[in-house]
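The values are calculated or read from the model by the stated rules, or taken from the named source; none is laboratory data. All of these numbers come straight from a predicted model, not from anything done at the bench. Cβ atoms come from the backbone with ideal geometry, glycine included; neighbour counts cover every protein chain shown. We work out accessible area using only protein heavy atoms, side chains counted, and drop any ligands, DNA or RNA first. Shrake-Rupley method; radii C 1.70, N 1.55, O 1.52, S 1.80 Å.
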Amino acid sequence: MALLEVKNLHTHFFTREGVVRAVDGVDFELERGRTLGIVGESGCGKSVTALSIMGLIPKPPAKIVEGQVLFEGRDLTELDEGELEDVRGRHIAMIFQDPMTSLNPTLKIGTQLTETLRRHLGMSKDAARKRAIELLEEVHIPNAAARLDDYPHRYSGGMRQRVMIAGAIACNPKLLIADEPSTALDVTVQARILDLLEELRKAHDMAMILITHDMGVVAEAADEVAVMYAGQLVERAGVQDLFDRPEHPYTEALLGALPHVDEEHVRESRLTTIPGRPPNLVDPPEACRFGPRCPYASLNDSCTQVEPQLRELRKGHWVRSAHPASERAGVPAEVGA
Amino acid sequence: MTKFVVRRLVWTIPVVLLVILLTFTMMKQIGGNPFRQTERAVPASIQRNLERKFGLDKPWYVQYAQYVRNVFTFDLGPSMVLRGRSVNAIVKEQFPRSIQLGGLAMLFALVVGVPLGAVAALKQNSTADYSAMVVSNVGFAVPSFLVATLLIYFVSLKWGLLPTSGWATWRHKILPPIALGLGPMAYFARLARGSMLETLQQDYVRTARAKGLRWRRVVVVHVLRNSLIPVVTAAGPFLGFLITGSFIIETIFAIPGIGRYYVVSVQARDLSVTMGLTVILALIIVVANLIVDILYGLLDPRTREARA
Amino acid sequence: MRKRWLWPAALVASLLLAVAGCGGDDEDGAGDTGGETAAEQVITVNWGTEPPSLDPGLASDTTSANILLNIMDPLVKLDDDLEPVPTAAESWEVSDDGTTYTFTLRDDLAWTNGDPVTAEDFAYSWKRTISPELGADYAYQFFGIQGASDYNGCEENCDAMADEVGVRAVDERTLEVTLTSPQPWFLQQLAHHSFLAVHRPTVEQFGDTWTEASNIVTNGPFRLARWEHDSRIDLVKWEEWRDADSVTLTRVNGRMISDGTTAVQAFEAGEIDAQVGGLPPQEMQRLKTLPEYQQYPALGTYYYGFNVENITDPNQRRAMAVAINRRAIIDNVAQADQLPATGYTPEGTPGFDTLNPESEWLPEEGDIDRAKELMDQVQNPKTNINLFHNDAPGHREIAVAVQDMWKELGLNVTIRAQEWAQYLEFIGPPPSGDVDVFRLGWIGDFVDAINFLEMWTCRSGNNSTNYCDENYDRIVEEVQTGNLEEDERFDRYAELEQMLFGSDGAVPLIPIYWYTYVNLERENIQETFNLNLLDQVDLTTVEVQE
């Protein structure tokens, strides 16, 4: 059985303006020790998916209206808050995007590490402190023992992210969810953080979900990729297969939008963008959500009437589209719809 | 930290001098005769005697110098109206009561207000939240003298539970602090609620939850502590206000503090008492603010280090 | 983790300490609720305000007066007919020319520390009050005594002048007083608290603080048991007083609740037995219906004074006086059954029947028609009137009523309220040029019409009207120095009132009503707890009934 199975997840936000269907159909599995990259543009629902897994969505106004999140066979959506608290940090850990604000500025770094250890592993103060030093060393923070008593404002952004990571792996979780872990950091630091994550993942045999909007990061770090658009999972495949043979028009557009540095005349060519905007998630239409921006949508009016379902096009490669690349017989793209 | 405190204390001296100057100037401006308290005119010879006795016949700069000297030698002179009593004696006897009243009112405001605001924030938009905010609004809008009179009417008169006035036993010390502290309580409740709501949105709270910490710990260690900072900052000036602004409550509850006599002394033109009390009250506000700043430093380590 | 609780805990702890520790708790002991049975003769009185001083030389308000007259033994007291009766003085003799009084003191007078009270005590005390150093407000009461005024105003060589003052102890029990002129009201005056004796050794030992409960030495029916400033003042019966057997009360607890509403609430909650004055005007309607409501005539006049230099035509002044409906004001605004004034000197003063002018200018219910007639006779009426009053409760409402009444005369009245000290500066004398009409009251110092009528002389410090008539002054001086018989005096008083309010009267002021004192008193003390015309209660006569 897979470590994590997300089945038909729908998470909606019930606001005064209407019901925002932030996650409206996400399915995937993740095996032990593997890395899943979730990509998509801002607002596509990737963070909400992660928070839904952790049960960290704000309970009013949000609600998981449908679906299951099976972790080691146990449906997390059925657990109460106390049970979820036992899972979080211990078996599933999460780190967030902005390290500058993700640590409590009024508590010492040491405290923020030991509190997890003492909570989940019942360690004594001294044992927790020792372990915290070890953790800091594991994430390559120099002079760990002294720095334990520092406050976050004495750490740089990159170092704080390392501390976050240290806190996340403290209890040896089986799954680490990293929500844009490097986005807020300098480019030079980014790579190091990603390397660190990979190092730790191997060392602790963790599964990882890496959420990002950066295709390059995904290419480097993921074993499998899930592409999300407008709250839905639109394509899922092994990383190689996705990059070599993308099926969904959106994925193609994403890859097409990547700057190709090795091409000629790269300085003169413009970056390709996807025209249009993602749909409003309050009351989205009963149709393919990418339709309005899809170059192939005009061919078949089912795109404007029926929501395509997720189907396994070939082994290990799932698509939610009426016009996956393999099924289009060489029809040229028409921009706009 | 010590350097910080010492520096602040040294700054108190120019503040005090300024207070003396301003008060002195204002009292001289409003004129009036401290020796004529009733409609009976004071015969000229007696007026002269009295002015000589209290040094009012000297030029203004001599009088001013005298006051400055008084303050710095801690001998504030005799009262011009309460004959036979010195300002020092008045302060020594009656001031502690005002401090008690202010302190209790502050205690009430914090002990009731902060949890009220916290509960409202934690249960945002629930019945608990709305009722807490209604209570808070009422407490804020209703003037303290009305609250005082209503409390006396119902609690003392109708239900006979507590005495109507005075400050003798612990029973006397319940209603007045409530009347005085109700407004600040409402303010603190709103402040605490707002502050907590904001803190609850912070990323580090999300991190704490993601670490699986028990909610109670998250609230107490991560949320409350950081939410208290704006409350503490507001509390300082309030403490000063509570001690100095207790005039109405002291009058209604017949509490023999200095708040009541402070206002009376201005009306009666009791210059020495007015001067002395103003300086003391100014000092209290300075000290209250200092205490707040110290607390702030303790609560927020970033400020602590910036000061060192 | 643990340390984090330290600071909030410390804060709470220190606040709690402030509660429990400093600012001493005092026991609100037994006897607070007043005597329910005749067996317990303890009452609680709310005097209203803190007495500024209990030094007889310095005390100037009614609370001090009331306390002093009950803890000290005056030379004379006033009986129910306001006649002076021997008290500390056993007897006295007046010389034929009326300027020398010789008092013989009782032989059983004593101070609470055992010392006998002697004539020297009185001489010392009076000179002390007259002395320039003490700065006594009421020194002027003594100016009828030879040499007093000079001594009080002396700048140098004062000790010599002190010896010239006309009061001396002939021997232990004989006190001789020499006046500047015959003053038939002198005995009346002696009932005032400023004429009380003080205990010299105590004064010299403690200086300014000799009146504190722990220091004070007294000689009257009650002792000062406790005085907590601004909070309470308690008297207990002095068992060794010469006439202790006649005193029924054993203890009189005193409170100082200045807020009228709270005081009434305290009374209704049973915490006090007597509320002396200070009833809030807005509750008068209700309070009057209570069985505890008690009313007493007072020796005082509430009046509106003119600035005769602004409103120069007497007919205008008469018109404005006639227009006022006193009855309406008393019934609807003042509401304490005051007496409509028909002259200046209030009823109850000796000789009232003779001196009262029953002025046609002071009709009880006002007479608008007559007023208009009078206004028509005025050549250049002043139609824009500034009416000043101090901002205490009740005055504004009366001013508004009067403003309405004067509107009918075509007068445009602007009401200006001022804070007390400011107000006193404004009305001087001399009054500020803006003042056309001002509100004031006068409570008598002693029970004789001269105390009321001598105010309106040209140079009186209490005359803010600018009214000055040499004839008036002449008659006053005649009374003050002329050694007249009683009926002659009363005739002069009548003349003076006529000059003010007769048919040719100048009407420099409009008396509106004569005051009353209103109290709340528990039914079991009502019979004996009474105020005299001077707002004084004699606690030796008070008894708690069954």
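Quick look at the numbers
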quantity: Which numbered condition B:Tyr61 fails, given (1) touching a helix residue (DSSP H, G or I) at 6+ places or on another chain (Cβ under 9 Å); (2) free of Cβ contacts under 8 Å to residues at least 12 places away in the same chain; calculated: (1)
quantity: Residue in the stretch B:41-53 that is of a type in the set (A, V, I, L, M, F, W, C), touching a residue at least 12 places away in the same chain (Cβ under 8 Å) and more than 7 Å from chain C (Cβ to nearest Cβ) present; calculated: no
quantity: Hits in the stretch C:62-80 (condition: among the acidic types (Asp, Glu) and either assigned by TED's automatic domain parsing to the domain that holds C:Val447 or open to solvent by less than 10 Å² (accessible area, probe 1.4 Å) (or both)); calculated: C:Asp73
quantity: Matching residues, the stretch C:226-251, being in a strand (DSSP E or B) and under 17 Å from B:Gly166 (Cα atoms); calculated: C:Arg226, C:Trp227, C:Glu228, C:Arg232, C:Ile233, C:Asp234
quantity: Matching entry among B:Gly259, B:Gly240, B:Gly245 (being within 22 Å of B:Val147 (Cα to Cα), open to solvent by 10 Å² or more (accessible area, probe 1.4 Å), more than 14 Å from chain A (Cβ to nearest Cβ) and at pLDDT below 90); calculated: B:Gly245
quantity: Where a residue in the stretch C:390-401 is among the polar types (S, T, N, Q) and its partner, wherever it lies, is assigned to a helix (DSSP H, G or I), with Cβ under 7 Å and at least six apart; calculated: C:Asn390/C:Trp420; C:Asn390/C:Tyr423
quantity: Test: residue in the stretch B:154-163 that is open to solvent by less than 10 Å² (accessible area, probe 1.4 Å) and either of a type in the set (A, V, I, L, M, F, W, C) or not in a helix (DSSP H, G or I) (or both); calculated: no
quantity: Number of positions in the stretch B:87-100 that are under 13 Å from the mean Cα position of the chain (by Cα) and open to solvent by less than 10 Å² (accessible area, probe 1.4 Å); calculated: 2
quantity: Per-region count, the stretch C:48-100, residues of a type outside the set (Val, Ile, Thr), within 23 Å of C:Gln480 (Cα to Cα) and not in a loop (DSSP other than H, G, I, E, B); calculated: 5
quantity: Boolean, C:Asp504 is in a loop (DSSP other than H, G, I, E, B), closer than 30 Å to C:Tyr472 by Cβ and without any contact (Cβ under 8 Å) to a residue 12 or more places away in the chain; calculated: yes
quantity: Selection count where residues are more than 14 Å from chain B (Cβ to nearest Cβ), touching a residue at least 12 places away in the same chain (Cβ under 8 Å) and either within 12 Å of A:Met164 (Cα to Cα) or assigned to a helix (DSSP H, G or I) (or both), scope the stretch A:101-140; calculated: 6
quantity: Residues of the stretch C:442-483 classified as open to solvent by 30 Å² or more (accessible area, probe 1.4 Å) and in contact (Cβ under 8 Å) with a residue 24 or more places away in the chain, total; calculated: 11
quantity: Top-ranked residue of the stretch B:130-141 - restricted to ones that are without any contact (Cβ under 8 Å) to a residue 60 or more places away in the chain and open to solvent by less than 20 Å² (accessible area, probe 1.4 Å), ranked as farthest from A:Pro60 (Cα to Cα); calculated: B:Gly139
quantity: Among (1) open to solvent by less than 20 Å² (accessible area, probe 1.4 Å); (2) within 25 Å of C:Thr62 (Cα to Cα); (3) within 14 Å of chain B (Cβ to nearest Cβ), the one test that C:Trp126 misses; calculated: (3)
quantity: In the stretch C:225-264, the residues that are within 14 Å of another protein chain (Cβ to nearest Cβ), open to solvent by 10 Å² or more (accessible area, probe 1.4 Å) and in contact with a helix residue (DSSP H, G or I) (Cβ under 9 Å, 6 or more places away or on another chain); calculated: C:Trp227, C:Glu228, C:Asp230, C:Ser231, C:Arg255, C:Ser258, C:Asp259, C:Gly260, C:Thr261
quantity: Residue count for the stretch C:326-341, restricted to those that are in a loop (DSSP other than H, G, I, E, B) and open to solvent by less than 40 Å² (accessible area, probe 1.4 Å); calculated: 4
quantity: Candidate set: the stretch C:126-164, residues that are at positive phi and of a type in the set (Gly, Ala, Ser); chosen: the one modelled with the lowest pLDDT; calculated: C:Gly135
quantity: Residue match in the stretch C:207-221 (condition: within 14 Å of chain B (Cβ to nearest Cβ) and more than 27 Å from C:Asp538 (Cα to Cα)); calculated: yes
quantity: Test: residue in the stretch A:70-78 that is more than 8 Å from every other protein chain (Cβ to nearest Cβ), among the basic types (Lys, Arg) and touching a helix residue (DSSP H, G or I) at 6+ places or on another chain (Cβ under 7 Å); calculated: no
quantity: Some residue of the stretch A:86-94 being within 12 Å of chain B (Cβ to nearest Cβ) and in a helix (DSSP H, G or I); calculated: yes
quantity: Only listed residue being under 23 Å from B:Ile243 (Cα atoms), buried (at least 17 other Cβ atoms within 10 Å of the Cβ) and within 11 Å of another protein chain (Cβ to nearest Cβ), chosen from B:Gly84, B:Gly103; calculated: B:Gly103
quantity: Any chance C:Glu543 is outside the structural domain of C:Gly254 (by TED's automatic domain parsing) and either in a loop (DSSP other than H, G, I, E, B) or of a type in the set (D, E, K, R) (or both); calculated: no
